[in-house]
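Read through the structure below, which is laid out as structure tokens, and then see the notes.
The values are calculated or read from the model by the stated rules, or taken from the named source; none is laboratory data. What you see is a predicted model; the values in this text were computed from it and never measured. Glycine gets a Cβ as well: all are built from the backbone with ideal geometry, and neighbour counts include every protein chain shown. Surface accessibility is based on the protein's heavy atoms, side chains included, excluding ligands, DNA and RNA. Shrake-Rupley method; radii C 1.70, N 1.55, O 1.52, S 1.80 Å.
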Amino acid sequence: MTIDNFGTKASQASHDNSVWRWWRGAHLATLSSQAGTPAWGWLPQGDLLTHGDQIAWVGPSTESDAALQHLLTAPERAALDPIDLHGLLVTPGLIDAHTHLVYGGHRAREFDLRLQGATYEEIARAGGGIRSTVAATREASDEALFNAALARARTLMADGVTTVEIKSGYGLSLAHEARCLRAARRIGQTLPITVRTTSLAAHALPPEFEGRADDYIDAICQWLPQWHAEGLVDAVDGFCERIAFTPAQIERVFHAARVLGLPVKLHAEQLSDSGGAALAARYAALSADHLEYLSDEGIAAMAAAGTVAMLLPGAYYFLRETKLPPIAALRAAGVPIAIATDHNPGSSPTLSLPLMLNMACTLFRLTPEEAMLGATRHAATALGLGHSHGQLRAGHRADFALWAVDHPNELAYRFGERAGRGVVAGGQLITA
Ligand code: DI6
Ligand code: FE
């Protein structure tokens, strides 16, 4: 079977978890290197065997016959129809572990104002920024919110993404946050990708709470159990910043999350150092995100807690930030580094995670391999999915991305080019 005629068969069989598939003739970058094995987990001539939505075996093509003998019964082997990957590069499906995909409207006008000299903070303080997206989101129907977010998720997928984290944060009321989280959940039910939802109610102060930030935090703490009871929340986030919420306010939200057994993460040290990363680390946060103004204390706290540093080069670039996150110190401290799009209408309206790989290298000086680990293996850790996602490895979910390049170095090197040729998500091939 070739890739071209596989689409229909795959969708017929997509819910059959007993189907074996043999993916042959690829260059593999497994991103699962252990000490002593090659960089990238590189296998120049490799095959994969998948069983339903799981990877059953990955290895050199010369060993796949033996694996088939060992893992499949004779009738299963006879029924197997190999899929020739024609020398495409196969990597783990990319993981975009920080996005704000659900919102109404856009902020192109604000971009214009910033180009004329207004700062992101000035616009936010004048009632624009996040608040203007909140107004547009509240006006949008459920269907419009869902359809816009679905189109964005499909664009991410066309560029190799098979797992995406989606935050709320533009509804900022019990009902509107729930609508956004439901739209995010529905994306996971509509597309064959993994969706993790995050409540970011502590993103900005909604107009009805003007001058009453502590009351709004109280409200969030009461709403959270209701969203959680509806199964809408996988994690809890906040924006700790002088234009948003103080560490003390964020801590109350984190406490409410802890009571519900929900993991936390934090937008921290994006515009100034508020000690947010250290606070997040005290709550064993999955990740602390942005981190341009991160201090040495913050780094030490993150290293001790195993909190992932989620770097967002799109927001750094788009806000024309000049202060770099402390990459060398994060590296030296052994803090795992992840990379995401931070897709949102105000500070990072990009839908290309491969472009973020390039920016992570050019702007932040990550190596191409570090950038790719950041969009696969470490991104999985940042979502609490390190055991099942982010590597081409037996027992992991059968999520991989297909690329028309010879070596994974090229994914960070090329920019603005669409090298993706499709993804396999949960064992199902979707061609680009
Ligand atoms: N930091 C960001 O970069 C996004 N949210 C946040 O807390 C921006 C959100 C927006 O401007 O709409
Ligand atoms: Fe963000």
>> Between ALA371, ALA380, which is in contact (Cβ under 8 Å) with a residue 60 or more places away in the chain, assigned to a helix (DSSP H, G or I) and farther than 10 Å from GLY314 by Cα?
In response: ALA380
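Take GLY231 and decide whether it is within 18 Å of ALA183 (Cβ to Cβ) and at pLDDT 95 or above. Quick ask: steps written out before the conclusion?
Values: within 18 Å of ALA183 (Cβ to Cβ): yes; at pLDDT 95 or above: yes.
In short, yes.
Tell me whether segment 349-360 contains one or more residues that are open to solvent by less than 10 Å² (accessible area, probe 1.4 Å) and farther than 24 Å from HIS100 by Cα.
no
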> Only one of (1) open to solvent by less than 20 Å² (accessible area, probe 1.4 Å); (2) more than 24 Å from GLY117 (Cβ to Cβ); (3) within 16 Å of ligand 2 (Cβ to nearest atom); (4) of a type in the set (A, V, I, L, M, F, W, C) is not met by LEU330, so which one is it?
Replying inline: (3)
> How many residues, within segment 12-34, are open to solvent by less than 60 Å² (accessible area, probe 1.4 Å) and either in a loop (DSSP other than H, G, I, E, B) or modelled with pLDDT under 60 (or both)?
Replying inline: 7
> away from ligand 2 (no atom under 16 Å from the Cβ) and in a loop (DSSP other than H, G, I, E, B), is that true of GLY188?
Replying inline: no
> Only one of (1) buried (at least 22 other Cβ atoms within 10 Å of the Cβ); (2) within 16 Å of ligand 2 (Cβ to nearest atom); (3) not acidic (Asp, Glu) is not met by TRP227, so which one is it?
Replying inline: (2)
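Just to be sure before I move on: is THR73 among the β-branched types (Val, Ile, Thr), more than 29 Å from the chain's Cα centre (by Cα) and more than 27 Å from LEU411 (Cβ to Cβ) in the structure I sent?
Criteria met by THR73.
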>> Looking at TYR216 and the list (1) surrounded by 17 or more Cβ atoms within 10 Å (Cβ to Cβ); (2) under 23 Å from ALA97 (Cβ atoms), which single condition is not satisfied?
In response: (2)
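Determine whether LEU319 is open to solvent by 20 Å² or more (accessible area, probe 1.4 Å) and either in contact with a Ser or Thr (Cβ under 6 Å, 6 or more places away or on another chain) or more than 22 Å from GLU121 (Cβ to Cβ) (or both).
Values: open to solvent by 20 Å² or more (accessible area, probe 1.4 Å): yes; either in contact with a Ser or Thr (Cβ under 6 Å, 6 or more places away or on another chain) or more than 22 Å from GLU121 (Cβ to Cβ) (or both): yes.
When the stated conditions are applied, LEU319 passes them.
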> Can you pull out the residues in segment 191-207 that are closer than 28 Å to ASP53 by Cα, open to solvent by less than 40 Å² (accessible area, probe 1.4 Å) and either out of contact with any Lys or Arg (no Cβ under 8 Å at 6 or more places or on another chain) or in a loop (DSSP other than H, G, I, E, B) (or both)?
Replying inline: LEU191, PRO192, ILE193
> Which of (1) part of a strand (DSSP E or B); (2) of a type outside the set (S, T, N, Q); (3) surrounded by fewer than 12 Cβ atoms within 10 Å (Cβ to Cβ) does HIS70 not meet, given it meets every other one?
Replying inline: (1)
>> I'd like the full set of residues that are surrounded by fewer than 24 Cβ atoms within 10 Å (Cβ to Cβ), in contact with a helix residue (DSSP H, G or I) (Cβ under 8 Å, 6 or more places away or on another chain) and assigned to a helix (DSSP H, G or I), limited to segment 158-182.
In response: LEU174, HIS176, ALA178, ARG179, ARG182
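So which helices (runs of 4 or more DSSP H) are wholly in segment 90-142 and hold at least 2 residues that are buried (at least 23 other Cβ atoms within 10 Å of the Cβ)?
Working: elements: 108-115, 120-125, 130-139.
Of the helices (runs of 4 or more DSSP H) lying wholly inside segment 90-142, those with at least 2 residues that are buried (at least 23 other Cβ atoms within 10 Å of the Cβ) span 130-139.
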> Hey, does segment 260-271 have a residue that's hydrophobic (A, V, I, L, M, F, W, C), within 19 Å of ILE123 (Cα to Cα) and within 14 Å of ligand 2 (Cβ to nearest atom)?
Replying inline: yes
> Are any residues in segment 333-348 among the hydrophobic types (A, V, I, L, M, F, W, C) and either open to solvent by 10 Å² or more (accessible area, probe 1.4 Å) or away from ligand 2 (no atom under 14 Å from the Cβ) (or both), and if so, which ones?
Replying inline: ALA333, VAL335, ILE337
>> As an exercise: evaluate THR37 against (1) at pLDDT 95 or above; (2) more than 23 Å from LEU71 (Cα to Cα) and give the number of the one condition it does not meet.
In response: (1)
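Output the residue which, of all residues in segment 52-67 that are touching a residue at least 60 places away in the same chain (Cβ under 8 Å) and part of a strand (DSSP E or B), is least open to solvent (accessible area, probe 1.4 Å).
Looking only at segment 52-67, we keep the residues that are touching a residue at least 60 places away in the same chain (Cβ under 8 Å), and these are 52-58.
From the residues that got through so far, the ones that are part of a strand (DSSP E or B) too are 54-58.
Working: GLN54: 80, ILE55: 4, ALA56: 29, TRP57: 45, VAL58: 35 Å².
Filtering segment 52-67 for residues that are touching a residue at least 60 places away in the same chain (Cβ under 8 Å) and part of a strand (DSSP E or B), the one least open to solvent (accessible area, probe 1.4 Å) comes out as ILE55.
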>> Can you say whether ALA404 is in contact with a Lys or Arg (Cβ under 6 Å, 6 or more places away or on another chain) and surrounded by fewer than 23 Cβ atoms within 10 Å (Cβ to Cβ), as far as the supplied structure shows?
In response: yes
>> Please determine whether any residue of segment 148-155 is within 16 Å of ligand 2 (Cβ to nearest atom), assigned to a helix (DSSP H, G or I) and open to solvent by 20 Å² or more (accessible area, probe 1.4 Å).
In response: yes
